[in-house]
1. Consider only pairs whose beta carbons are under 6 Å apart and that are at least six residues apart or on different chains; among these, list those whose first residue lies in the stretch 120-143 and is more than 18 Å from residue 89 (Cα to Cα) and whose second residue is small (Gly, Ala, Ser) and at pLDDT 85 or above.
2. Mind checking whether some residue in the stretch 119-128 is farther than 29 Å from residue 195 by Cβ, at pLDDT 90 or above, surrounded by 14 or more Cβ atoms within 10 Å (Cβ to Cβ) and not charged (D, E, K, R)?
3. Kindly provide the set of residues from the stretch 212-256 that are assigned to a helix (DSSP H, G or I), closer than 28 Å to residue 82 by Cβ and touching a Leu at 6+ places or on another chain (Cβ under 9 Å), ordered by number.
4. Working only within the stretch 193-213, note down all residues that are in contact (Cβ under 8 Å) with a residue 24 or more places away in the chain and over 20 Å from the mean Cα position of the chain (by Cα).
5. Mind listing whichever residues of the stretch 189-212 are open to solvent by 50 Å² or more (accessible area, probe 1.4 Å) and of a type in the set (Ser, Thr, Tyr)?
6. Checking the condition assigned to a helix (DSSP H, G or I), basic (Lys, Arg) and either open to solvent by less than 30 Å² (accessible area, probe 1.4 Å) or at positive phi (or both), which residue from 97, 157, 141 passes?
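The values are calculated or read from the model by the stated rules, or taken from the named source; none is laboratory data. Since the model is a prediction, treat every value here as computed from it, not as a measurement. As a convention, Cβ positions derive from the backbone with ideal geometry for all residues, glycine included, and neighbour counts pool all protein chains shown. When the accessible area is computed, the model is the full protein with side chains, heavy atoms only, and any ligands, DNA or RNA have been set aside. Shrake-Rupley method; radii C 1.70, N 1.55, O 1.52, S 1.80 Å.
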Amino acid sequence: CVGCVWFVVEESFVDFIYTNEKTGLGIASDVLQKLEKDGLSFKNCRGQGYDNGANMAGKYQGVQARLKEINEHAQFVPCAAHSLNLIGVHAASVSVKMISFFGIVQNIFNYFSGSTSRWEVLMRCLKITLKTHSDTRWASKYNAVHSLYCQFGGVIKALRDISTNPIFGDGVANAESILKQFDLEFVYFLVMWDKILNQIYRVNKLLQSSNISIDQASKMINCLNVSLQEMRDSGNEQIKTEAISICDKVGIKSELKIKRTKKTKHTQHKIGRAHV
């Protein structure tokens, strides 16, 4: 239209900054010095975006708070991808069973990667390698779970081959120990988390794209929330059916272990009569 002025927001990389500072005040000072050195005025800044670390996002002492004291127009918006990462981290840490599940996934990788001979046995059974994972990069959890989910049968075969071959020494007992942890519940969690992490992973990658707008990011997060809620409401039977099918294929008992309930002993109090 005549007289209209269009602006396009673009992200341009400036530089890496090496710093020994760990406090909000120290890091903010380094940022300001770098901008001044490059001839950029912080007074023209209209936004800040960091992860959710206390030294960066802190309300009173963080970098964003220190810089807003200088320029009130530099509004702080936390990194959407990092926030989504934290949601996943906290969701997986509220249940002992979930902590145990991800611990087993990591132990499987550590077991094979800790020995070249064991890794060779694994590679003969798989098409792609297993992956490690960490809490700081939630996407790594998807890679770790998905690689195990897609090649669970191969991992089982590798562990069984090692557990029956005395040449592996102490590795035999460790392989047997890992195999004992594979039951219907573990496979159920494997299928469930693969579906959950797949959706989070796709949104997380899109949130980090350079041309995404705030409204697009908001819509994607809302859609993710709806999708996960639908899975929570109706996906249980589908996941259970798939888990049972996987167990049947790899030779794992497709029934949940029933834990014995502890019997509470009732102490009987004898009341005696006093003889005068």
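1. Listed pairs, sorted by first residue: 121/158; 122/158; 125/154; 125/158; 126/154; 130/147.
2. yes
3. 216, 217, 220, 221, 224
4. Step one: filter the stretch 193-213 for residues in contact (Cβ under 8 Å) with a residue 24 or more places away in the chain, giving 193-201, 203-205, 207-208, 210.
Hit for the stretch 193-213 is 210, nothing else.
5. Quick first cut of the stretch 189-212, residues open to solvent by 50 Å² or more (accessible area, probe 1.4 Å) only: 195, 198, 201-202, 205-206, 208, 210-211.
If the condition is that a residue be open to solvent by 50 Å² or more (accessible area, probe 1.4 Å) and of a type in the set (Ser, Thr, Tyr), then 201, 210 are the ones that fit.
6. One residue alone meets the criteria, 141.
Residue-by-condition table, conditions (1) part of a helix (DSSP H, G or I); (2) more than 30 Å from residue 160 (Cα to Cα):
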| position | (1), (2) |
| --- | --- |
| 68 | yes, yes |
| 78 | no, yes |
| 110 | yes, no |
| 119 | yes, no |
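Residue-by-condition table, conditions (1) closer than 19 Å to residue 253 by Cβ; (2) among the basic types (Lys, Arg):
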site: 125; (1), (2): no, no
site: 152; (1), (2): yes, no
site: 166; (1), (2): no, no
site: 195; (1), (2): no, yes
